[in-house]
Structures are given as structure tokens and as C-alpha cells.
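As C-alpha cells, the structure follows; a few thoughts come after it.
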Amino acid sequence: MWYRNFLATVSIALVAMLGDLAVTLSFLSVNVRSVVDNLTHGLIGVCTWLTVTTQVPNIPISTRLWEIGLCGFFASAIDLDHFASAKSFWLQDARNLSSRPFLHCTSIPVALITSIYLLAYIWHWSSVQRLLWILLAAILSHHIRDATRRGFWIFPFGSTPPLPYSLYIVANMALPHVIKALIWYTGNSGKTISLSEVISL
Ligand SMILES: [Zn+2]
């Protein structure tokens with residue numbers, strides 16, 4: 001079933017390029033472009049986890065859909081920090097921040113996820129491990145896309161230069177394969193997470 005994995009990987013690039021094209025359309029209002037931009041993040045998250053799960057058999061369809069939807073939700077929800085930093089519900093305020101909001105820092109969430117993952121690994125909390133993989137995929141897919149504009153924010157060292165466009169597309173296509181390899185390497189490939197498990201966490 002290699003072609004499913006191939007198509008899922010290609011869908012990441014297609015969604016990213018179509019979304020990036022849509023946000024440049026001048027006949028769309030600034031607010032609509034902001035919504036399209038956020039939807040693009042969410043859809044890239046969806047395609048990223050779709051790619052992670054395509055070559056893993058025996059995952060019930062409901063679990064597969066739930067995990068994919070969760071990754072898309074996380075990838076989209078990261079931008080809510082614009083509103084939190086602006087202390088406003090208005091898109092205009094959220095867009096006009098003088099500095100990058102906190103969830104757009106790459107180093108701190110990755111360090112936190114790694115720390116919690118180590119605890120979950122030691123104590124065999126496989127559901128927490130799975131949730132952290134989904135969260136990591138969502139955060140990195142979002143940050144890689146944003147890095148084309150402003151680079152990666154690596155606190156306390158500052159920001160990297162913006163990522164070249166082609167590198168951003170390739171990095172987002174490679175991300176689910178790296179995550180899948182890491183899941184396999186840590187021996188957690190057979191474990192998925194259901195909605196009821198997340199609610200009971
Ligand atoms: Zn963002």
C-alpha cells in the first residue's frame with residue numbers, strides 16, 4: 001500500500017501550496033485570508049497525521065479519524081495564542097502583535113514534550129505518549145510553515161533566518177516520516193489513542 005503513503009505525503013505539499021496561494025489573493029479580505037491561513041495549518045496537520053497512520057494496519061477507522069482530526073485541531077489551535085497575547089477576540093488585534101506569541105516558540109514546547117514523553121516512557125503511559133506524538137506533529141508542521149516568513153524562534157537564542165519555500169515544503173513532507181520512524185524506534189507503533197482515553201487522562 002505504498003501508494004497511499006505516497007499520496008498522503010503529496011497531499012501535504014498540495015494543501016500547503018494551495019493554501020499559500022489562496023492567502024495571496026488580493027480580492028479576498030484580510031480577515032478571510034487570515035481564516036484561510038489558519039485552515040491551511042489545520043489541513044496540513046490533518047495530512048501530516050494521515051501520512052503517519054497510512055502504513056500502520058489494524059487501526060480502527062474511528063480511531064484513525066479521531067487522531068487525524070486531533071492533529072488538525074492542534075495545528076490550527078496554535079494560532080489562538082495570537083488572541084491570548086493581544087488580549088482580544090478581534091482578528092485585527094490578533095494580527096497586529098509587536099512580538100511573536102508564546103506558542104510560536106519552537107524550543108520550549110519541544111523541550112516540554114520531550115520531558116513529559118520521558119516520564120510517560122518510564123511509566124509506560126502509552127496513551128500519553130501517543131498524544132504527545134500527535135501534539136509534536138501538529139506543532140512542528142505549524143512552525144515549519146510559519147518559518148518561511150519569520151524563521152524558527154529558538155528561545156533563548158533568538159530566531160533563525162526564514163526557511164526557503166522549497167525547504168519548507170520538503171520539511172513538512174518529511175515530518176510525518178520522521179515522526180513515524182521515531183514512534184517505531186521508541187517501540188510505541190502499535191498503540192493508538194481513543195477519544196475516551198483522552199477524556200479520562
Ligand atoms: Zn502561526
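Laid out as a table, the results:
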quantity	calculated
Residues located in the range 88-107, provided they are more than 15 Å from the ligand (Cβ to nearest atom) and modelled with pLDDT of 90 or more	Ser107
The range 142-161 residues that are under 9 Å from Thr106 (Cβ atoms) and more than 9 Å from the ligand (Cβ to nearest atom), paired with ones that are basic (Lys, Arg) and assigned to a loop (DSSP other than H, G, I, E, B) (beta carbon under 7 Å, 6 or more apart)	Trp153/Arg100
Any chance Ile134 is assigned to a helix (DSSP H, G or I), out of contact with any Pro (no Cβ under 7 Å at 6 or more places or on another chain), under 22 Å from Ala77 (Cβ atoms) and more than 14 Å from the ligand (Cβ to nearest atom)	yes
Which listed residue is touching a Lys or Arg at 6+ places or on another chain (Cβ under 9 Å) and more than 25 Å from Leu80 (Cβ to Cβ), from Thr54, Thr24, Thr9	Thr54
Filter result (within 14 Å of the ligand (Cβ to nearest atom) and closer than 17 Å to Pro109 by Cβ) within the range 65-87	Phe74, Ala75, Ser76, Ala77, Ile78, Asp79, Leu80, Asp81, His82, Ala84, Ser85
All positions within the range 1-54 that are touching a Ser or Thr at 6+ places or on another chain (Cβ under 6 Å) and within 16 Å of the ligand (Cβ to nearest atom)	Gly19, Asn38, His41, Gly42, Ile44, Gly45, Thr48
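The values are calculated or read from the model by the stated rules, or taken from the named source; none is laboratory data. Keep in mind that this is a model prediction, so the values were computed, not measured. So basically every Cβ, Gly included, is an ideal-geometry build from the backbone, and we count neighbours across all protein chains shown.
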